[in-house]
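The structure under discussion appears below in the form of structure tokens.
Nothing in this text is a laboratory measurement; each read-out follows from the coordinates by a stated rule. Only a predicted model underlies this, so the values are computations on that prediction, with no experimental measurement involved.
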Amino acid sequence: MEIYSLQLIVEDQIAVQDLNLISVFFYHFMVSAPAAYLISQILVPGHDGIPLKNYVFFLLVIFYLPVLGLSGLILAIPLAIFHRSRSEKSDLPININKIRELSNTQASVGDSQTIDLGNLHGLYRSKNYHKRLQAVYATLKLKDLEAVPLLHKALKDPVDDIRLLAYALLDRKENHLSKRILKNKQALEKHDYSNNKILILRIVNDYWELVRLGLIQGEAQNHVLNMAQKYVELGLKQYPQDLGFNFLYAQILLKLKHFQQAYEQFKKSEELGMDRSNLLIYYAEIAFHNHQHQEVKRLLQAIELPTNYPKLSAITQFWQKAS
């Protein structure tokens, strides 16, 4: 029909035969309308109903470029199918519903048994979607404290699959801790509170872990901190001289911004035998919040940080140079 329409166009009589002109538009439209529908379904798959803007675009291409428009789009079909088949083969399947049951041994980066955190962050910075996805999967082999910052970064990834995977992995970690807290609380309720130091300590530790890892944000974080405070105070009633309870209590108070109480609790932890050098960073934080900048400088100068704490080392160097 397209070729016949083209023949009518090039005939000499067309200038004086209006019927031929009407026939040309009729035949051409009869080709353009169904061809635009079929080609749009092939080139733009995955839609239950064809979007109007896609249909109009293909219709205009075919209608305003007789023969050439239809031929060009037909030639594009094999390329589109080939590209799609390659994409489907290379895509890594993600089953978000099974993330919580995914074993830590299923994550891998190359053939290495150990993962270098710096290399992993470098892998995530890649522009390649599959490498970034591989880096997120590899966090399954990392400790939570190392994995969570990278997963939080992945929550802002432009690719939906990576964001969903990061969210599911974070949700998995939060769900694991929440279930453990619930289990220990139920066990605690069945026994005498005064004789369950281990259970209380586990509950407080897990509440604190939710906050420390950044798995809980906003108002929910305040609720978790208040629950941690409730249970640590319960433990301190029975074991007021316990170093573990006192140190956890100090950290919780600091996170709740009760700076004076936190300072007193850190001092008590020091009296109970905790090495002062391990508490200097907390004293410096409290001094900073109290605007005691000279005290911050003095405390940070006394800290000897290992090389595996680059951020704290940078902070210490800044305050050492500060006047």
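According to the square roots a ≥ b ≥ c of the eigenvalues of the Cα gyration tensor, what is the shape class of segment 231-285, taking rounded for a/c under 1.5, prolate for a/b larger than b/c otherwise, and oblate for the remainder? Since a/c reaches 1.5 but b/c is at least a/b, the shape of segment 231-285 is classed as oblate. Considering only Cα-Cα distances, which of the following residue pairs are longer than 18 Å: LYS156/LYS257; LYS127/LYS156; LYS143/LYS230? The answer is LYS156/LYS257; LYS143/LYS230. Computed 3J(HN,Hα) for segment 264-278, one whole-Hz value per residue from the Karplus formula 6.51 cos²θ - 1.76 cosθ + 1.60 where θ = phi - 60°, is 4, 6, 5, 5, 5, 4, 5, 5, 7, x, 6, 4, 4, 4, 7, glycine and proline marked x. Quick check: from the Cα gyration tensor, does segment 168-292 come out rounded (a/c under 1.5), prolate or oblate? Oblate shape, in that a/c is at least 1.5 and b/c is the bigger or equal ratio. Between ALA33 and PHE288, residue separation times 0.36 nm minus the direct Cα-Cα distance comes to 84.6 nm.
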